[in-house]
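Since the structure comes first, as structure tokens, the remarks are kept for the end.
The values are calculated or read from the model by the stated rules, or taken from the named source; none is laboratory data. Not measured: the values here are computed from a predicted model. Cβ placement follows ideal geometry from the backbone for every residue including glycine, while neighbour counts extend to all protein chains displayed. The area values use the complete protein model at the heavy-atom level, side chains included, leaving out ligands, DNA and RNA. Shrake-Rupley method; radii C 1.70, N 1.55, O 1.52, S 1.80 Å.
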Amino acid sequence: IFASFVFQASDVLTFEGGLTAEYSQIEVDSVNNQKQDFSFLKPRISSTYKFSAQDQLSVELAHSVGQLNFGDFATSNEAFDGITNTGNSNLMPDQTTELAATYDWSLSERGSLKVKVFHQWRKDVLEQVVIGRNESSEDDNNTLAYGLGNAGSARFWGVETDINLPLDFLLSDSLLEISHSYQDSNFYDQIIKEDRNINNYVPNALEMNFRQDFIEKGLAWGLGYSSDTLNK
């Protein structure tokens, strides 16, 4: 269920917003049957100010809810290393409240600059945690059972930059596209009792693509480069 609005305050200032109500139910049929009911409110409000016909600034505050993967509810075994990933029927979707500011500048018909700065407050973040212990049938030893679980709250922030730069002064009908993102996080791990980064995100990523079009011949050529680092 959702509702939205748009308010044109002036020729240069616009407000937009909305509210979404989400209701869902997950039922797990297993040894211990379990059913969970979820209800979330997802508000959003944004404002856009046009400095001119070429550039504008947008600010948005929004709350979103993640999508659960049903595979995370099931237990799986890794035969190679003997690790058991235990399904977690108590999983809840992660939630994110994001405050973001985006600046758009049209340099020309094909040239543009876009910079987005954001800060996120995340709740019920999904991380690999110890869910319990697996009893071995061969001996009396117990092994830890790992699985995806809601590990707590975290903060996440970053800057995303996109540049489209025409290079017609060097080569006709050519364009250089540059995208760069820098991201960082802070998460207090209840297991190790320390602050650390959240798992599985890219702190730094750079992508560059050059393209030249031969419009009359219907041909084009280009080069691409990408580089990134993964935080595990």
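Each Lys or Arg adds one and each Asp or Glu subtracts one; over the other residues with Cβ under 13 Å from the Cβ of HIS180, this totals -3. Neighbours of GLY152, meaning other residues whose beta-carbon lies under 11 angstrom from its beta-carbon, give a summed charge of -2 when Lys and Arg score +1 and Asp and Glu score -1. A 1.4 Å probe over all protein chains sorts VAL202, VAL6 by accessible area into VAL6, VAL202, starting with the largest. Normalised by the number of residues in the range 162-214, the average gap of Cα pairs under 8 Å and 6 or more apart makes the relative contact order 38 percent. Ordered from largest to smallest accessible area (heavy atoms of protein chains, 1.4 Å probe), the residues LEU206, LEU91, LEU107, LEU170 come out as LEU170, LEU107, LEU206, LEU91. What accessible area per residue comes out for the range 182-232, rounded to a whole number of Å², with a 1.4 Å probe? Value for the range 182-232: 75 Å² per residue. Here is the tail figure for the range 22-72: Cα pairs spaced more than 12 Å apart come to 77 percent of all pairs. A 1.4 Å probe run over the range 1-40, with the rest of the protein chains in place, finds 78 Å² accessible per residue. For the residue pairs LYS35/LYS193; LYS42/LYS193; LYS116/LYS193; LYS123/LYS193; LYS42/LYS114, the alpha carbons lie more than 23 Å apart in LYS35/LYS193; LYS42/LYS193; LYS116/LYS193; LYS42/LYS114.
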